[in-house]
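The values are calculated or read from the model by the stated rules, or taken from the named source; none is laboratory data. Not measured: the values here are computed from a predicted model. Backbone-built Cβ (ideal geometry, glycine too); neighbour counts: all protein chains shown. What goes into the accessible areas is simple: the full protein's heavy atoms, side chains included, and nothing from ligands, DNA or RNA. Shrake-Rupley method; radii C 1.70, N 1.55, O 1.52, S 1.80 Å.
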Amino acid sequence: MNSIKNRPNIVIVAIDSLRADHLGCYGYQKDTSPEIDALARESVVFDAAFAAGIPTMPSFTTLLTGLHPYRTGIVSHIGQRRLSEHVRTLPELAREHGYVTVGIDNLVVQGEGRGSWFARGYDHYSGYLYRPFGDQDARLTDRALGYMEEYAGNPLFLFLHLWSPHTPYGPQPPYDTRFYELGSAPYDMAEVRKLQPDYYEAFVDDMKLAHPEDYAYLVAQYDGEIAQTDAQVGRVVRAIKQRGAWEDTVLLVMSDHGECFGEGDFHFDHHGLYDAVTRVAMLLRLPGQQPGRCGALVSTEDIFPTLAELTDFPSPHYPLTGASLLPLLGGDATPIRPYVVSVEATRQASLALRTPEYKLILPFTEDAAGAPLPDFYGRPRDPAPLLFDLRTDPEEQRDIASDAPDRLAEMMGMLRAWRAEMADATDEPDPIQAQGLSLSFDRFMERLLARR
Ligand SMILES: [Zn+2]
C-alpha cells in the first residue's frame, strides 16, 4: 500500500472538545482552521468517525487500547474504575518496539490521579493542569517540539493533548473577536438559562465573557479557541517538515468528542450521544498515501489496530474490538464495521447504536441497585429510547421511535445482542449499571460552586 519503513515516527495531536463540523475541512463556513485544512489536503480525512465513549477519559482510553469502553470498564470521566494492568496501551507497545515515547497530557494530573493509566508506557510523561484564558497550547507545543529535537533520529511516539476549545471559552486576541457576528445567535440566552437557571448562571458566568447574553458570542469564543489551537497544529507540521522527517512520520490529528450547541438541549458542553458530541475529527497522514476522503463508518476503537499494523507492533494476546483502517485506505469498499456503539455514564447514562442510516439512543434510568440515574440537569430521566433517521434528519431533531416501531425493534435487538456479546467477553455485569454516574448533577454543581 505504501512504502514507509516499519518504525515511522508516530505523532498524535489530540484536540479536546473539537467539533468536526466547526473545521473548514469538514464544511464549516468560518475560517477557523487554515492549518488543519492544509493538512487535510495531504491526509485521509474520515467523514464518519465516532467516539465509542465520551467524554474525555473513556474516549482516550479506547483510542490508546483499541478496546470499547464496555470491554475496559472505563465508561465515565474520572470514575472509580481503573484500567486493568493486563490491557496494553499504544505507548507501552511502542516502547517495547524500540520507540522513545513522549506524552504531553493532563489526564493523570487533572483527574486527581484517577487516570493513572494515561501515563503508562511513556519514557517522558509531561503532565499539566489545563489553564484556560492564556496561551497554554503554545507552551505545550513548545514542549512537543523540544522533544522532537531531542530525539531526532530515534523513532518517536508522541502524544500531544491540547485543550483550548474546552470550556471555559476564552481565546486570546485576535481570536476573541475574529468570528463574532452580532445578531447571528441561533438561541436566546434567556431561554437557555431557563433550562436550569442555577447551572447556567454558574457555568456561563465562570467564563467571564464580555457578552454573556449573546449566544453568538459564546460560539465565536469557541471558534476562536479552535483557531488558536489550529495555529499550533501548523507549528507541529512545519517542525516535522523542517527536520526532514515528513516522509518518516505518521501524523494523526483528531478530537476525543465534539461540543453541543443546542443538540438535545445541551449547550456549551459535551454530553448526550448526539452526533454533535460523538462525531470526531480524524485526519490521518501517512507517507506515500494518496490523500482523500473516507466516508466509511469508523470508531476511535480502530486507531490502535491501524497504528499497530502500520508499525508491526507486537499484538496483544486478547482480541481488540477495533479494526484496522488500512483496508479502507487501500481502496477496499467493504465497510469495516456495520455500526458504532457509543457510551456515556458521566453526567447522565446512555448507549447509542449508530449505523450509517439510523441512530438509536437508549437512556439508562437506574443503576444495578435500583437507584435512579438522573439526566444532565438532575431531573428524572425519561426512559423512552430515541430513534433518528440520519438520511433525512442528520441534525437529529425529529425522534421517530413511535412512527417506526419495526425499525426501533430491530435496532434495540442489535444493541441487546451487542451487550450480550460484551457481557460474555468480560464476564462482568453491565458497566453502566454497575458503576452509575461519575459526576451527577448535584456533585457537578457542588464542584462548580466551590470554585467560585
Ligand atoms: Zn475531552
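Take every pair of alpha-carbon atoms less than 8 Å apart whose residues are at least six positions apart; their mean separation over the length of the chain yields a relative contact order of 23 percent. Ignoring any ligand, DNA or RNA, what whole percent of the accessible area of segment 29-159 comes from carbon and sulfur when the probe is 1.4 angstrom? With neighbouring chains kept in place, the figure for segment 29-159 is 48 percent. What the Cβ-Cβ distance of Ala423 and Arg398 gives, at R0 = 35 Å and to the nearest 0.05, is a FRET efficiency of 0.60. The loop-placed GluC sites (Glu not before Pro) in segment 1-99, going by DSSP, that have at most 11 neighbouring Cβ atoms within 10 Å of their Cβ come out as Glu85. Highest mean first, the peptides 68-74, 26-32 sorted by other C-beta atoms within 10 Å per residue fall in the order 68-74, 26-32. Taking each residue as 0.36 nm, the span from Glu201 to Asp312 lengthens on full extension beyond its C-alpha to C-alpha distance by 34.8 nm.
Summary of the geometry: segment 122-174 and segment 371-390, compared by the centres of their Cα atoms, lie 36 Å apart.
Taking the helices alone, the chain has a mean residue ellipticity at 222 nm of -9500 deg cm²/dmol, built from -39,500 (n - 2.57) per DSSP H run of at least 4 residues and averaged over all its residues. Please grab the % of Cα pairs in the chain that end up more than 39 Å from each other. Pairs farther apart than 39 Å: 16 percent.
For the pair Glu213 and His124 in one chain, pulling the backbone fully straight at 0.36 nm per residue adds 27.7 nm over the alpha carbon distance. Spacing of the modelled spin labels on Arg143 and Arg391, each 7 Å from Cα toward Cβ, amounts to 4.8 nm.
Lysine pairs in the chain with alpha-carbon atoms under 29 Å apart, 8 or more places apart or on different chains: how many are there?
Pairs that pass both the separation and distance tests number 6.
Please work out whether segment 164-275 counts as rounded, prolate or oblate from its C-alpha gyration tensor, where a ≥ b ≥ c are the square roots of the eigenvalues and a/c under 1.5 means rounded, while otherwise a/b larger than b/c means prolate and anything else oblate?
Numbers: a/c = 3.02, a/b = 1.98, b/c = 1.52.
Cα axes put segment 164-275 in the prolate bin.
When the Cα positions of Pro91, His166, Pro69 are compared along the charge dipole of segment 9-329, Pro91 comes out farthest toward the positive end, with charges on each C-beta of Lys, Arg, Asp and Glu. Computed about its Cα centre, the charge dipole of segment 9-329 is approximately 820 debye, with only Lys, Arg, Asp and Glu carrying charge at their Cβ. The accessible surface of segment 340-451, taken with every protein chain in place and a 1.4 Å probe, is 50 percent carbon and sulfur. Seen from Ala296, the other residues with C-beta closer than 11 Å to its C-beta sum to a net charge of -1, counting Lys and Arg as +1 and Asp and Glu as -1. At a probe radius of 1.4 angstrom, the accessible area of segment 106-234 per residue rounds to 40 square angstrom.
If you average the sequence gap of Cα pairs under 8 Å that are 6 or more apart and divide by the length of segment 340-451, what percent do you get for the contact order?
29 percent
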